[in-house]
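Below you'll find the structure, written out as structure tokens, and then a few comments.
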Amino acid sequence: MARIELSNLAHSYTPGASEPGDFALKAMNLTWRQGGAYALLGPSGCGKTTLLNIISGLLTPSHGQVLFDGRDVTGLPTEQRNIAQVFQFPVVYDTMTVRENLAFPLRNRGMAGKAADRRVREIAELLDLSGELDRKARGLTADAKQKISLGRGLVRPDVAAILFDEPLTVIDPQLKWELRSKLKALHRALDVTMIYVTHDQTEALTFADTVMVMYDGSVVQAGRPDELFERPDHTFVGYFIGSPGMNVLPAEIEGSRARVGGGTIELSRSYDVPSGRRIEIGVRPEFASLAPPGEGLAATVERIDDLGRARLARLRLGGHPFAASVPEALADIGTAAGVVLERAQVHVYADGKRLEGRA
Amino acid sequence: MDKPYDNRAWLLVLPVLAIVAFSAVIPLMTVVNYSVQDTFGNNQFFWNGTGWFRELLDPSTDLGGRVFDSLWRNLAFSAIILAIEVPLGIAVALAMPRHGWKVAATLVLMAMPLLVPWNVVGTIWQVFARADIGLLGYAINRLGIDYNYVADPLDAWITIIVMDVWHWTSLVALLCYAGLKSIPDAYYQAARIDGASRWAVFRYIQLPKMRRVLIIAVLLRFMDSFMIYTEPFVVTGGGPGNSTTFLSIELVKLALGQFDLGKAAAMSIVYNLIVLAVCWVFYTVMTNLDVERRRLPADR
């Protein structure tokens, strides 16, 4: 049980690095509160696993400190940090039975006898492994093996945090849902900090209270799932979260008016735009609707995707691809069309970062 | 499911049969032929039936005594070198570097003894261990230890065993190293997370992953040591007395020394059967392991 803080933390795999490009993790200050359910979300190679391994102590950061409840643990080896971690691919001890596998972390820490046995049975129950406790781990399916790995992460009652490194990659989709809700339930029951690494937004948004989106070695936004959706702080967050992602278009801003793709729109706030930077506006397809030609911004329709529940228009707006929702009332429409944006949901970005406007 | 039958397949198999007949079957049959006859030279052969085999398998006869003595010696030799080379090979493999230029350097160093021909190994040690001029033998004697492999059976055994360990531990180590390299990093990381001790990592991760290569290593080393000939022949010539006369040395003495073709043929058949039996046991064990593995669904 602990609050985890990263203070001026950065990591480079090449010693003596100075260029920003040499860093797998760029300098960051972050706090994970005790008992939170966090997701680290980002594409492959953005530094998620590096960050996780630094917290668990498998990797020593080249710069900065890791603090558990204010205590500096940067130099402490994994064994002394009281952290559990579950990896992407199942790790089981082949020659042991399922029961011995689950008891292994407890036994190594001197916990034995009735208490350990009870704990093992509890965790086995939770993961539906009760029937297989006395089987050799070697003979099990990949699913079952990964459940054992999860079980070994969950079995220790006193850990500071449990880290999951894309633990459900090898699990089939049906079971995935089940296990994820179990993890969530377990989080509520145990009051332990959980950090869940994934590149799957659904997984992150359903599991976590706080989602941290990572991009190119930095955390670009941390917040509740609805915040990430409605107010992406970075164009990358807008693009990565949501399906399809946020539309991003180059724009020229003057006060509360934006010139986009040959048209002009009114914004809900006014902005002082710094000069010499790349200015863009971002709006989610959910907040942009297709309209008859002449209304809103002019666009050309490339195709209409029927998603079952809704229809999505793929457009070109001022030469850029753009996605917008199609109102139910709108009948078939030709190539020429208009797009109406929901004013409050249009954000302005400078060099990828969201600008706060004035009311 | 019906398998298609096509008699033309015989055409493809026949050349192989012919080659194997000339390279193995016919020579083997001449040995079988000799084993049931006695000869007094001059190409005169007399029928002896199973006489040689009965004598050979009866330890109270001269021939049987010699065969059994050398068989026990050979088994003892194989057991001792396995007991040394397997744990030592594992230890060396564990100590070998995993990354960087040192890997290549170590691999080359380790492969060196394996590249030396048997008789050269024998000659090296024959000179190296000599009490009068050999570096090793002379040094040991100067330390006050009486050591002379030509005169003392124990010294002779020690010399041959150390020589075999020097020559072949690399093989075991290299096989184990290959086994160790196949273990994904995640296993070691998980073990650290689980708080496993160094011993537990060895016992529950490294040893199980090395099991299959270890079986191969034991098989190879057993077969090789069970038919060892050149090195002890060069170093001790089977002596002092008969103390280092192993099966193959005994066989050569019978066949080429005494020219007892019948006895030697009978002995080589029995020798061959022992080797086949051991092979069969190992083969069965190994395929059983495979079956066990294949039964697992989606094993990774």
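The values are calculated or read from the model by the stated rules, or taken from the named source; none is laboratory data. Just so it is clear, the model here is predicted, and its values are computed rather than measured. Note that we place each Cβ from the backbone using ideal geometry, even for glycine, and neighbour counts take in every protein chain shown.
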Legend entry - Selection within the range B:32-56 - surrounded by fewer than 17 Cβ atoms within 10 Å (Cβ to Cβ), touching a strand residue (DSSP E or B) at 6+ places or on another chain (Cβ under 7 Å) and touching a residue at least 40 places away in the same chain (Cβ under 8 Å): B:Asp38, B:Thr39
Inset, instruction - Pick out, from the range B:40-115, the helices (runs of 4 or more DSSP H) lying fully within it that include 1 or more residues that are modelled with pLDDT of 85 or more. - result: B:62-95, B:101-115
Legend entry - Scan of the range B:203-249 for residues that are within 14 Å of chain A (Cβ to nearest Cβ), more than 22 Å from B:Trp168 (Cα to Cα) and surrounded by 16 or more Cβ atoms within 10 Å (Cβ to Cβ), ordered by number: B:Tyr204, B:Ile205, B:Pro208
Inset, instruction - Hey, can you tell me all the residues within the range A:262-274 that are touching a residue at least 60 places away in the same chain (Cβ under 8 Å) and either part of a loop (DSSP other than H, G, I, E, B) or touching a helix residue (DSSP H, G or I) at 6+ places or on another chain (Cβ under 7 Å) (or both)? - result: A:Glu266, A:Leu267, A:Ser268, A:Asp272, A:Val273, A:Pro274
Inset, instruction - For the range B:228-238, indicate whether the set of residues that are in contact with a Ser or Thr (Cβ under 9 Å, 6 or more places away or on another chain) and either among the small types (Gly, Ala, Ser) or at positive phi (or both) is non-empty. - result: yes
Inset, instruction - Could you tell me whether the range A:133-143 includes any residue that is in the same structural domain as A:Asn82 (by TED's automatic domain parsing), under 19 Å from B:Ala190 (Cβ atoms) and free of Cβ contacts under 8 Å to residues at least 24 places away in the same chain? - result: yes
Inset, instruction - Can you tell me which residue within the range A:58-69, out of those that are buried (at least 17 other Cβ atoms within 10 Å of the Cβ) and closer than 18 Å to A:Phe23 by Cα, is nearest to the other protein chains (Cβ to nearest Cβ)? - result: A:Leu58
Legend entry - Matching entry among A:Leu30, A:Leu25, A:Leu51, A:Leu6 (being within 25 Å of A:Gln201 (Cα to Cα), out of contact with any Phe, Trp or Tyr (no Cβ under 8 Å at 6 or more places or on another chain), part of a helix (DSSP H, G or I) and more than 14 Å from chain B (Cβ to nearest Cβ)): A:Leu51
Inset, instruction - Could you give me the residue pairs with C-beta distances under 9 Å whose first residue belongs to the range B:57-78 and is more than 16 Å from B:Ile160 (Cβ to Cβ), whose second residue is surrounded by 15 or more Cβ atoms within 10 Å (Cβ to Cβ) and among the basic types (Lys, Arg) wherever it lies, and which are 6+ apart or on separate chains? - result: B:Leu63/B:Lys263; B:Arg66/B:Lys253
Inset, instruction - Assess whether A:Arg269 counts as being surrounded by 13 or more Cβ atoms within 10 Å (Cβ to Cβ) and assigned by TED's automatic domain parsing to the domain that holds A:Ala350. - result: yes
Legend entry - One residue from B:Phe53, B:Phe77, B:Phe46 being aromatic (Phe, Trp, Tyr) and under 30 Å from B:Arg211 (Cα atoms): B:Phe77
Inset, instruction - Say whether the condition of being touching a strand residue (DSSP E or B) at 6+ places or on another chain (Cβ under 6 Å), hydroxyl-bearing (Ser, Thr, Tyr) and either over 30 Å from A:Arg152 (Cα atoms) or in a helix (DSSP H, G or I) (or both) is met by at least one residue in the range A:275-285. - result: no
Inset, instruction - Filter the range A:175-201 down to residues that are among the polar types (S, T, N, Q), closer than 14 Å to A:Tyr38 by Cβ and in contact with a Leu (Cβ under 7 Å, 6 or more places away or on another chain), then give me how many there are. - result: 1
Legend entry - Candidate set: the range A:75-103, residues that are assigned to a loop (DSSP other than H, G, I, E, B) and without any contact (Cβ under 8 Å) to a residue 24 or more places away in the chain; chosen: the one nearest to the other protein chains (Cβ to nearest Cβ): A:Pro77
Inset, instruction - Would you check if A:Asp72 is away from every other protein chain (no Cβ under 14 Å), charged (D, E, K, R), in contact with a Lys or Arg (Cβ under 7 Å, 6 or more places away or on another chain) and surrounded by fewer than 22 Cβ atoms within 10 Å (Cβ to Cβ)? - result: no
Inset, instruction - Evaluate the range B:284-294: report whether one residue or more is assigned to a helix (DSSP H, G or I), polar (S, T, N, Q), modelled with pLDDT under 80 and loosely packed, with under 13 Cβ neighbours inside 10 Å. - result: yes
Legend entry - All helices (runs of 4 or more DSSP H) inside the range A:108-213 with 2 or more residues being away from chain B (no Cβ under 14 Å) and surrounded by fewer than 21 Cβ atoms within 10 Å (Cβ to Cβ): A:113-126, A:173-190, A:201-207
Inset, instruction - Might you let me know whether the range B:162-183 holds any residue that is within 14 Å of chain A (Cβ to nearest Cβ) and more than 25 Å from the chain's Cα centre (by Cα)? - result: yes
Inset, instruction - Quickly run through the range B:186-202 and pick out the residues that are surrounded by fewer than 17 Cβ atoms within 10 Å (Cβ to Cβ) and among the hydroxyl-bearing types (Ser, Thr, Tyr). - result: B:Tyr188, B:Ser197
Legend entry - Total residues in the range B:139-162, condition at pLDDT below 85 and among the aromatic types (Phe, Trp, Tyr): 2
